[in-house]
Amino acid sequence: MHVRTLGGLAIDPGPDGGPPPTPGPRRLALLAILAAAGSRGVTRERIIGILWPDTGEEQARHALSQTLYLLRRETGRPWVVGTTLLRLHESVTGDAAQFQDALEAHQFERAAALYTGAFLDGFYLQGAPDFEQWVEDTRARLQSSAVKALQTLAREADAMGRYAESVAWWRRLGDIDPFSAQFAAGRMRALIAAGDRPSAVQFAREYETRVRRELDVEPAPIIAELAAGMHAVDPPPPSPPQPPEAPDGAVIPPPRSDAVTALTTDARGIRFHAVAFVVLLAVAGAVAFTIGRARTPRAVPFLAIGTIQAPDTVSLGPLLRDLLATKLGRIEGMRVVANSRLIELLGRRSDTEPGAAADAARRAGANEIIEGELSTSSGGMVLTLRRVALESGLVRHGYTVRAADPYLLTDSATSAIARDLGLDPPPDAVAGVRTRSAVAYALYEQGLRAKF
C-alpha cells in the first residue's frame, strides 16, 4: 500500500492490486504522521501530543492503542510496527518520505515529480487544533524544500541553455506561489531566452492583473522593467519602398495626382472599416462578458474574523477584528459572525492559541475565516489578510491594504473583500460606529470575556 499525502490524503493500492482500504479520519491522520516521518519513526508521546493533547496520559495511550488495533482489524493488514518508536510497516510506502529521501540524495527531478501539491491539501480533522498546527508546520517545511529543488532545476536549465525546460520549472514554482515576483521574473527571462517574447508579454500582463485584483497592490517593478525591455529592443518598422533608380539619362515621371488620390481614398476606407470592425468586436465582447457575469453570481461565504496579529503593546489586533466584523456585516448580502459571538465561543481560550479562532468560527456556522497580520512601514500601517476555507484550509484570496490608521485600513480592506465577492461596500466609514481608542476596546473585550 502507498500513503499519498502530497496534494491530499489517500491510500493507493500497492503492486498486489485490490481496492484500497478506507480508514476513518483519525486513523488516516495517524498514517499521515507516520508517513511524513518515514524510516525515522515517531514516538508514542509525540503522536499523543498531536492527536490527543487534552486527554489524560493513560486515556490517551489507550486511545492510540485502540486506533492501531482498529486500523489493523478493519483493513486486515499490518500498517504500523514498533513499540515505543512507531513507523510504517515495510510493505507500506509514503510519498512524503520518498520526497525527502530524493532531496537528501540530490535527486531533484525525482523530488519535483513526487511533489504534486501541498501536504494534506483539503484534509481536515475536526476538533484537533494541535494536529492542524502540525500540518501547517509540515506543509511549510515540505513546500520550502520543493521550492529550493525547483529553483535549482530552473537555474541549472538556464545555465545549460535548456530554456524550454527552464520555463516548465519556473511555471511549477509559479503554481506554488502565483504572486511571487521572483518566480514570475524567472519565467519571463526563460521565455525571452527561448525566443518566445509574445508569451512573455502575455504572461506579464496576466501576472500584473492577478496581483492587482487579488492583492490590491502594484506588482514589483521588475515585471514592468522586463516587459519594457522587450519593447525597447523591438525591431524598427520596415522602411517604405523606394522608387527604382532611373538609368543614366532617363526620366521617371511622377505618379498621376488622380491615381494618388484614388489610392489614398481606398486606403482610408479600408482603415476606417477595419477600425469600426475592431470596435464592434470589443463592444460585443464587453457586453457578453457583463451578461455572463450577471448570469453566474458568485457564492457569498459565511465569514468569521479570526486572529489578526499586531506587533504593539496594546494590541490593535482585537480592535481590527471587531472593526472588520462590524464593517463587513454592513454589506448587503454578506453574513458575518458577530465579534461578540466569536468571543463567547472562544470563552477563556486565547484567539492566538492554534486553531482556537477557527474552531469557534466553525461552531458559529461560518464556512470561511479571515485572518492576517498588521505591520508598519514608512507610509503608515500595512494589513495583510487571507480568506481561508474552514473545511479544507485552502486560501481563497489574499488582500493587502495600506493606510494611516486602523479605521482607514478597515474601510480599505472591506472594499477589497467586497469587490472580490462582487458586492458593494457600505458607503459609511467604520470610524463613525466604533471607538477610536484601542485601550478602550481592550477593556471592552476583557469585560466580554469575563462575562462568558
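All of the numbers you see were taken from the coordinates with simple rules; none came from a lab. Every value quoted in this text rests on a predicted model; they were computed, and no experiment measured them. So basically every Cβ, Gly included, is an ideal-geometry build from the backbone, and we count neighbours across all protein chains shown.
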Treating only Lys and Arg (+1) and Asp and Glu (-1) as charged, each at its beta carbon, one finds that the stretch 147-193 has a dipole about its Cα centre, in Debye to the nearest 20, of 40 debye
By the mean-Cβ-within-10 Å protection proxy, highest first, 338-349, 316-327 rank as 316-327, 338-349
Given unit charges at Cβ for Lys, Arg (+) and Asp, Glu (-), the dipole magnitude of the stretch 91-199 about its Cα centre in debye, nearest 20, is 560 debye
Looks like the stretch 145-222, by Cα gyration tensor root eigenvalues a ≥ b ≥ c and the a/c under 1.5 rounded cutoff (else prolate when a/b is bigger than b/c, oblate otherwise), is oblate
The rounded separation in angstrom of the Cα centers of the stretch 375-423 and the stretch 175-222 is 22 Å
About its Cα centre, the stretch 328-375 carries a charge dipole, from +1 on Lys and Arg Cβ atoms and -1 on Asp and Glu Cβ atoms, whose size in debye to the nearest 20 is 240 debye
Where a ≥ b ≥ c are root eigenvalues of the Cα gyration tensor, a/c under 1.5 meaning rounded, otherwise prolate if a/b exceeds b/c and oblate otherwise, the stretch 33-95 counts as oblate
Length gained if residue 40 through residue 104 is fully extended, taking 0.36 nm per residue and subtracting the Cα-Cα distance, is 21.7 nm
Note, residue 60: beta-carbon cut-off 14 Å, +1 each Lys/Arg, -1 each Asp/Glu, net -1
In nanometres, the difference between 0.36 nm per residue of separation and the alpha-carbon distance of residue 424 and residue 375 is 14.9 nm
